[in-house]
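This report concerns only the one structure given below.
The values are calculated or read from the model by the stated rules, or taken from the named source; none is laboratory data. Here the structure is a predicted model, which is why all the values come from computation and not from measurement. Ideal geometry is used to build each Cβ from the backbone, glycine not excepted, and the neighbour counts take in all protein chains shown.
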């Protein structure tokens with residue numbers, strides 16, 4: 001039966017209605033906003049950035065992860081910090097008036113000269129002079145009523161509403177930071193209940209930490225102000241002494257970490273109140289400090305909102321930096337009061353793709369480059385560099401890269417009969433292998449270019465690690481014009497012959513083999529990386545053998561020195577060459593110490609050890625830099641490792657975010673950054689409207705086409 005006239009019109013009506021619906025919906029979305037942020041934040045001087053990893057604690061005594069420090073260190077401050085722009089990283093005063101010099105004493109408290117032998121030094125004192133007038137952020141723990149009492153915890157019988165954050169308490173207060181606050185913070189590190197991850201390290205050089213810990217364990221509820229700690233002496237409200245049991249210049253670097261931030265006793269009393277604890281308010285989420293920002297809202301695994309500390313001290317933007325910082329616009333705000341941004345919203349993005357979409361639309365001002373988006377976001381430049389794609393550049397997006405203070409290396413066992421030792425033959429054999437294994441090629445193939453070729457164990461941003469015509473690795477590179485270029489494989493082949501292994505054949509007529517000991521068989525990409533490494537050694541006639549095993553067995557082999565060739569990495573605790581070079585100090589040799597030393601290669605060179613002991617206890621100076629370079633040169637010649645690469649970190653920023661410079665050590669960086677909200681709002685409007693129009697135009701056309709096809713098919717089927 002043929003369809004009725006009314007039925008014939010149905011497809012056409014459907015097509016018209018659907019097309020109109022898409023057009024209306026598209027128009028509505030074009031004029032409306034899809035901004036994910038609350039309207040009251042979106043229009044203000046607020047920076048938006050994603051957080052990928054859950055924050056466990058922001059307590060200065062226990063926070064140890066990098067992503068936690070990136071938030072916490074903008075709330076609390078330390079005696080010292082790092083210059084925002086200068087490289088290599090340079091300490092500067094933060095809460096302290098100046099960088100102190102140590103005073104040395106013998107066992108009878110008699111003063112000693114600065115160059116006194118280390119075995120004569122029994123006591124070291126650092127006198128810290130604090131800046132005056134530094135106020136804590138507004139917080140209810142400092143509130144006082146007309147009677148001079150605290151309205152919240154001086155009245156234990158009083159009940160009050162349940163507040164979501166300390167910011168909601170109607171009464172707030174503040175007070176000046178004093179020396180006693182550092183005593184409270186340092187004493188608190190000794191608490192066994194807190195289990196601070198750095199207690200054992202501090203105990204090794206700060207006087208009386210163990211005794212203090214014992215005292216706290218006997219009276220855990222005691223006020224930390226009243227518990228004795230011999231390692232800190234309060235001179236007056238603005239001066240304290242730190243007392244060490246040995247010479248340890250690296251103390252200054254530790255004092256630039258949040259473990260040394262002052263803690264007011266009022267904050268501990270406030271959070272110790274059961275009524276406050278029952279609200280879920282703790283030091284883990286709401287630390288109290290003197291930093292540029294304060295925690296206004298903490299929602300676990302959702303968001304954190306920091307607000308400007310209205311009590312923040314005089315804190316001026318740097319007036320000098322590296323030579324090209326001025327050209328990059330990094331000195332436009334020189335000498336101005338920080339911070340520039342009023343609020344910072346950290347939003348938890350568990351997956352990288354949603355975060356990237358928001359960034360691309362302009363809703364995030366900055367973010368780390370997602371590894372799984374690297375090929376989409378970047379193009380390979382003409383000189384082999386990794387550049388932003390044309391689309392990203394057209395939006396004005398900037399990519400920032402910095403070399404991390406991390407060193408990857410392939411280590412030779414210096415106890416091995418073939419590859420170890422200090423004979424001319426063994427040294428040339430290791431040098432030849434170091435030339436053949438080309439880290440630049442590895443970086444391009446396996447890390448998408450996210451690294452820089454290492455010339456030694458020292459990253460370039462460590463004092464003494466910069467690669468210049470005077471300091472480059474002459475055993476592996478030749479200087480050409482303004483850079484060091486890796487020597488050709490022919491040079492490595494000649495070294496093999498000079499070592500007594502021409503073409504990889506030893507004096508016994510057998511082919512040389514090298515056992516690659518590892519526990520990486522189950523790791524993604526290991527097979528391809530091993531085959532690449534094997535191919536490099538075949539260029540020298542050496543057969544690389546995969547000697548993989550489980551992790552426990554691998555650790556036992558390394559601890560016993562029963563291996564030939566391994567791959568390791570080292571992450572800096574602080575930006576000092578000592579923290580890298582001690583990995584080759586003879587007494588730290590791993591096997592002789594039965595697995596309790598960081599010197600995994602078992603490198604034991606008396607000349608290097610003497611240089612290390614000398615530079616270890618020296619203050620920063622040109623003389624110390626010279627010793628660092630001498631020690632580094634020895635390592636380059638002896639080649640106990642194939643110096644692999646230093647990884648790079650990449651971050652993306654929008655064109656309206658100013659004063660951004662990558663910093664791999666300091667985390668107190670948000671106060672220096674600035675945003676142009678008007679430029680951001682206009683960019684968001686353009687990016688979103690353009691994308692929406694394209695999307696719904698395409699959808700409308702597709703809908704019309706489908707409807708038309710349906711209509712034609714129905715008519716064709718009609719007799």
Of all residues making up the range 407-418, the number that are more than 17 Å from residue 560 (Cβ to Cβ) and either in contact with a strand residue (DSSP E or B) (Cβ under 6 Å, 6 or more places away or on another chain) or crowded, with 21+ Cβ neighbours inside 10 Å (or both): 4
Residue 645 being crowded, with 20+ Cβ neighbours inside 10 Å, assigned by TED's automatic domain parsing to the domain that holds residue 377 and either modelled with pLDDT of 90 or more or at positive phi (or both): no
Output for the range 254-298, where each listed residue is within 23 Å of the chain's Cα centre (by Cα) and part of a strand (DSSP E or B): 293, 294, 295, 298
Leading residue by the ranking (surrounded by the fewest Cβ atoms within 10 Å (Cβ to Cβ)) among those in the range 224-246 that are part of a loop (DSSP other than H, G, I, E, B) and out of contact with any strand residue (DSSP E or B) (no Cβ under 6 Å at 6 or more places or on another chain): 228
Within the range 441-457, tally of residues that are surrounded by 19 or more Cβ atoms within 10 Å (Cβ to Cβ) and within 15 Å of residue 642 (Cβ to Cβ): 8
Residue that is nearest to residue 501 (Cα to Cα), among those in the range 530-547 that are surrounded by 17 or more Cβ atoms within 10 Å (Cβ to Cβ) and under 31 Å from the mean Cα position of the chain (by Cα): 533
Set 586, 522: member being outside the structural domain of residue 443 (by TED's automatic domain parsing) and either modelled with pLDDT under 95 or surrounded by fewer than 16 Cβ atoms within 10 Å (Cβ to Cβ) (or both): 522
Within the range 549-567, considering residues that are under 31 Å from the mean Cα position of the chain (by Cα) and buried (at least 16 other Cβ atoms within 10 Å of the Cβ), the one nearest to residue 494 (Cα to Cα): 565
Some residue of the range 634-643 being touching a residue at least 24 places away in the same chain (Cβ under 8 Å), in contact with a helix residue (DSSP H, G or I) (Cβ under 9 Å, 6 or more places away or on another chain) and in a loop (DSSP other than H, G, I, E, B): yes
Hits in the range 591-608 - residues which are at pLDDT 90 or above, farther than 22 Å from residue 455 by Cβ and surrounded by fewer than 22 Cβ atoms within 10 Å (Cβ to Cβ): 591, 592, 604, 606
Filter result for residue 563 (touching a helix residue (DSSP H, G or I) at 6+ places or on another chain (Cβ under 8 Å), farther than 21 Å from residue 638 by Cα, in contact (Cβ under 8 Å) with a residue 40 or more places away in the chain and not in a strand (DSSP E or B)): no
Scan of the range 363-396 for residues that are more than 20 Å from residue 49 (Cβ to Cβ), assigned to a loop (DSSP other than H, G, I, E, B) and modelled with pLDDT of 80 or more, ordered by number: 389
